[in-house]
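Read through the structure below, which is laid out as structure tokens, and then see the notes.
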Amino acid sequence: MNVSRLLSQRNALLRQARLANLAYAYHRLSEFGARIERAHLEGEVTLQLVDAAKENLWPTLTAYECNQAVLDEHFLDEEIAELADILVYLTEDLTTTDFNFRLEELEPRFLPDLRAELEAAGVDLTSKPGPHDALKPRPLSEQDR
């Protein structure tokens, strides 16, 4: 593939990358929401992002109305970091240092807009991704080119 061909496909590739990121966010937030529901977790939390000025070198999820130990049992540090990345991507606000929300409102707060944008782009949300779907490259269709 040469440079001119890549440049001619740039817009389609950017659109596909955005849709892939939105689909990933939808899938992961759905999984987080299901876990929250299964564990009956609820209450106000703060997701604090990395902030070197405050010596906060890893995102943290702090509970205010539920037991912190129970919250820690249900979310690994890597998952909290992933959630932070997803929320920053979705809000497109690079100045935010933390997110305050109720655990039970995570899905209703973010999924409807994600669903609407994905469905408007023709994405089928009824199919469930397999464990390695994010790793398998898919050839570009004529529509994507």
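Restricting to DSSP H runs of at least four residues, report the calculated mean residue ellipticity at 222 nm for the chain, -39500 (n - 2.57) per run over all residues, nearest 500 deg cm²/dmol. Write down the numbers at each step before the final one.
Details: 5 runs with 72 residues, N = 145.
Roughly -16000 deg cm²/dmol at 222 nm, from the helical runs in the chain.
For segment 13-120, the relative contact order comes to 37 percent (Cα pairs under 8 Å, sequence separation of at least 6).
Of the residues 90, 29, the one with the fewest other Cβ atoms within 10 Å heads the list, and the complete ranking is 90, 29.
Taking other C-beta atoms within 10 Å as the exposure proxy, 126, 96 rank 126, 96 from fewest upward.
Put in line by how crowded their Cβ is, counting other Cβ atoms within 10 Å and starting with the fewest, 30, 8, 127 read 127, 8, 30.
Over 17 Å apart: what share of the alpha carbon pairs of segment 13-120 falls there, rounded to a whole percent? In whole percent, the share of Cα-Cα pairs in segment 13-120 beyond 17 Å is 54.
Read the figures in this text as sums done on the coordinates, not as results from a lab. Just so you know, these numbers come straight off a predicted model, no measurement behind them. Glycine gets a Cβ as well: all are built from the backbone with ideal geometry, and neighbour counts include every protein chain shown.
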